[in-house]
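Shown next, in structure tokens, is the structure this report addresses.
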């Protein structure tokens, strides 16, 4: 039997063959194949765990090879595959059937098997590669079953290995291919609405922001909220998850897989059923936002895949970290390049930025005066930069509402808005059947021309807006995507002039030079 481990680099990961040779010589164990320190330490863990599980560790020279040899092997998930390979090579377990077996797990000294990260990705990759069966920690069994592989079993302790192998051999299956779930299946994943915490009913006096967030929820459009402190920017952003559409089964598997690779999926949990909402601190590094580092983990923008990444006080983040968001905003994925390998993580997240108008936060307030200089204002907004702002699709000013609006006005609840959003999203997903994208924000140039049809009047309004505002090519395309989402909310196939005018209103703030000049005059 061929033993295979898994290296959780990137969304797809890499399979690693574990080979063991036992020969006469001075007793000892050597691990080759570019193992890192945690894998080299597995020698003692494996040896003691085997002895404490009523097996015998070979008294000869043991050589463990991890292939391919040019890929650095991290983590403790190689403990169990090394132990199984040693027991097979020393003829202590029946592994003579020649089947390929994926094995994952960390060993305690008493032989118990601890959970590891990346199990869902490993099982999915094993199915695609035609591996016959998978042995995973019992605590990871629920997530492993999401990979679609028919030959997955859990193991709790190393002493259970003979019975687990016997069970696999009795019900042995041929080489399995992963059956990928239909990402546009009509069945949705029911979410726990009570877990959202914030409700749009409490967001009073912000009709424009409420409507804009509803449009953004339909198309997964990126948003920037700007205004004085206390206006409701943060509350608006934290209320957004309560109106997002339900995850499809395929989306839920994608989200669960990324969290599994990051080690953020709790042991014993299976499918993640709610769209993620990530709100990192402004001290987050570039690797923290985008991913990478020594362990090549997914970053916040990937952990927010199919959900929301909220950056409160956005200009307080490191400039390089902010600018690194341009690629996921454009390509909906993150590409991490190292000298010898390239990896990717999906990042189709809805990015929401919130910012004051100036460093001191007083600009735009009625009862206080801002003393920030033009140079300070320039440095403050320069952190965001034109290139990043051009990729933000909706820009919404959020002022402090009047007292009657704040105290006496009534507002729709999140449940009412969410029902409208779900209907609009269902229309879009039906329209995009057979395409590689799911939401309006993901439309490429060809998709915009194909799916954003409009009449003559609407076309004239569109041309006038592009010429008058001198919109960039990206901004002009964004207006059509926003209009597509607005039309979906109205249940209409063709984009009309009113849809375009509303879309231009959301895009216009911060687009013209007059906006930035008005900031300087206010300061």
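The values are calculated or read from the model by the stated rules, or taken from the named source; none is laboratory data. All values reported here derive from a predicted model rather than from experimental measurement. Heads up, the Cβs are rebuilt from the backbone with ideal geometry, glycines too, and the neighbour counts pull from every protein chain shown.
Structure summary
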quantity: Enumeration of residues in region 9-27 that are more than 30 Å from the chain's Cα centre (by Cα) and not in a loop (DSSP other than H, G, I, E, B); calculated: 18, 19, 20, 21, 22, 23
quantity: Scope region 126-140; condition assigned to a helix (DSSP H, G or I), touching a strand residue (DSSP E or B) at 6+ places or on another chain (Cβ under 6 Å) and surrounded by fewer than 23 Cβ atoms within 10 Å (Cβ to Cβ); matching residues; calculated: 138
quantity: Region 261-277: number of residues that are surrounded by fewer than 19 Cβ atoms within 10 Å (Cβ to Cβ) and in contact (Cβ under 8 Å) with a residue 12 or more places away in the chain; calculated: 8
quantity: Flag for residue 483 being over 17 Å from residue 397 (Cα atoms), in contact with a helix residue (DSSP H, G or I) (Cβ under 6 Å, 6 or more places away or on another chain) and either modelled with pLDDT of 95 or more or in a helix (DSSP H, G or I) (or both); calculated: yes
quantity: In region 305-323, the residues that are crowded, with 19+ Cβ neighbours inside 10 Å and either free of Cβ contacts under 8 Å to residues at least 12 places away in the same chain or not in a loop (DSSP other than H, G, I, E, B) (or both); calculated: 308, 309, 310, 311, 312, 314, 315, 321, 322
quantity: Given (1) touching a helix residue (DSSP H, G or I) at 6+ places or on another chain (Cβ under 6 Å); (2) modelled with pLDDT of 95 or more; (3) closer than 23 Å to residue 234 by Cα, number of the condition residue 351 does not satisfy; calculated: (1)
quantity: Breaking point among (1) farther than 30 Å from residue 248 by Cβ; (2) surrounded by fewer than 18 Cβ atoms within 10 Å (Cβ to Cβ), for residue 435; calculated: (1)
quantity: Residue count for region 242-254, restricted to those that are surrounded by 23 or more Cβ atoms within 10 Å (Cβ to Cβ) and out of contact with any helix residue (DSSP H, G or I) (no Cβ under 6 Å at 6 or more places or on another chain); calculated: 3
quantity: Single match in 5, 98, 10 (criterion: within 18 Å of residue 137 (Cβ to Cβ) and touching a residue at least 40 places away in the same chain (Cβ under 8 Å)); calculated: 5
quantity: Residue identified as in contact (Cβ under 8 Å) with a residue 40 or more places away in the chain, within 23 Å of residue 472 (Cβ to Cβ) and surrounded by 13 or more Cβ atoms within 10 Å (Cβ to Cβ) among 348, 387, 354; calculated: 348
quantity: Filter pass, residue 55 being crowded, with 23+ Cβ neighbours inside 10 Å and on the phi < 0 side of the Ramachandran plot; calculated: no
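The rows are residues; the columns are (1) outside the structural domain of residue 260 (by TED's automatic domain parsing); (2) outside any strand (DSSP E or B); (3) at pLDDT 95 or above; (4) surrounded by 19 or more Cβ atoms within 10 Å (Cβ to Cβ).
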| site | (1), (2), (3), (4) |
| --- | --- |
| 48 | yes, yes, yes, no |
| 64 | yes, no, yes, yes |
| 69 | yes, yes, no, no |
| 96 | yes, yes, no, no |
| 102 | yes, no, yes, yes |
| 113 | yes, no, yes, yes |
